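Undergrad: This is the structure, below, for whatever I ask next.
The values are calculated or read from the model by the stated rules, or taken from the named source; none is laboratory data. Predicted model only: the values in this text are computed from it and were never measured. Positions of Cβ are backbone-derived with ideal geometry, glycine not excepted, and every protein chain shown enters the neighbour counts.
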């Protein structure tokens, strides 16, 4: 790969940087800088600001509102977004369900759903995992029985990110028990206001409300809300998950985190000097930098396949493992940097004053929250163990 940037690419970088410096909502950047949890309105305003620029659907085909950017431009945009400290788009609509809809959906479904996803007027959630079907997703039990022109849905989904904000949810449901488990799964979209849908909050150990349990009791879903063919949901889900697993890298943000680790290490006392002079700690930082360089090359290869018009393949499992383990490694270094200050109580992260304890370095509470939250990264989206099986069977063919 040629990693040199052309004059046109550098001009594009300056355009993106100027947008985040001068036209992007500053209060959202301030909240994230304080380690606060963003609310629905924050995410919507962020995405609408991007959409006003025509920059919210980076990987969509141009005919549906995508940017038409090159791989290099996508990479530069992601770098500048992360350098500015801005949030990535909420993935459930723009990154997950939209590619399934514009690839497998009918023309009527594309016209119905894609404009509202593009404009961030409709918030989506993903209904995959269940209390007894996580990484072994094919064992899901949420059932949809066909009655006339509706499916009647009963069951439970869990670990459902942002379901408390969602207007719609896309779900994998079982419509047939007669064959292999994978062959009886269907992809349904449901309006969250439909009678029989109940959202129960799950407050996680990091102090935030990201996750929920969603219960379906005799929920009537029109057949027209089914994407593609009945029984083909497993195929569509695998397509979706390859897109999900290429969205984890966040290389630029990790570079900034490591640079911040180095700077903070100069301020933390250690035996005989500062942590910046501690060879054991700094050796871990250097190792993280080496791992990050490898992750960056892997992410660029994944982006190259997307620019060629291909869906990312099973190699995205490699990227998912590398990115999530690296994220955990970096948060562990911040935890080590904070020492006993990292044990600060985690309060309600939606409050502006959540990190206001005096006498404790500002980075400690957000770093501890990030550490706890990132423990889940190697589980959600397909656990590391499952990804290794995919690599062994589909990539290495062993």
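Undergrad: Among 158, 169, 101, which is the only one that is within 19 Å of the chain's Cα centre (by Cα) and closer than 20 Å to residue 59 by Cβ?
TA: Just a single option satisfies the conditions, and that option is 101.
Undergrad: Here are some conditions: (1) under 21 Å from the mean Cα position of the chain (by Cα); (2) within 20 Å of residue 91 (Cβ to Cβ); (3) surrounded by 13 or more Cβ atoms within 10 Å (Cβ to Cβ). Residue 35 meets all but one. Which one does it not meet?
TA: Residue 35 satisfies every listed condition except (2).
Undergrad: Restricting attention to the stretch 144-171, and to residues there that are surrounded by 17 or more Cβ atoms within 10 Å (Cβ to Cβ) and in contact with a helix residue (DSSP H, G or I) (Cβ under 6 Å, 6 or more places away or on another chain), which single residue is modelled with the lowest pLDDT?
TA: Selected residue: 165.
Undergrad: A further question on this structure: Only residues that are touching a helix residue (DSSP H, G or I) at 6+ places or on another chain (Cβ under 7 Å) and in a loop (DSSP other than H, G, I, E, B): list them for the stretch 89-113, please.
TA: Passing the criteria: 89, 90.
Results for (1) within 27 Å of residue 27 (Cβ to Cβ); (2) modelled with pLDDT under 70; (3) not assigned by TED's automatic domain parsing to the domain that holds residue 60, shown as yes or no for each residue.
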position: 311; (1), (2), (3): no, yes, yes
position: 316; (1), (2), (3): no, no, yes
position: 324; (1), (2), (3): no, no, yes
position: 329; (1), (2), (3): no, no, yes
position: 349; (1), (2), (3): yes, yes, yes
position: 361; (1), (2), (3): yes, no, yes
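Undergrad: Could you check how many residues of the stretch 188-226 are within 20 Å of the chain's Cα centre (by Cα) and in a strand (DSSP E or B)?
TA: 7
Undergrad: Scan 196, 179, 208 and give me the residue that is at pLDDT below 95, out of contact with any helix residue (DSSP H, G or I) (no Cβ under 8 Å at 6 or more places or on another chain) and either farther than 22 Å from residue 380 by Cβ or surrounded by fewer than 21 Cβ atoms within 10 Å (Cβ to Cβ) (or both).
TA: 179
Undergrad: Within the stretch 253-274, can you find the residues that are without any contact (Cβ under 8 Å) to a residue 24 or more places away in the chain and under 27 Å from the mean Cα position of the chain (by Cα)?
TA: Selection gives 259, 262.
Undergrad: Can you report the number of residues in the stretch 101-122 which are surrounded by 15 or more Cβ atoms within 10 Å (Cβ to Cβ) and more than 18 Å from residue 166 (Cα to Cα)?
TA: The number of residues fulfilling the criteria is 6.
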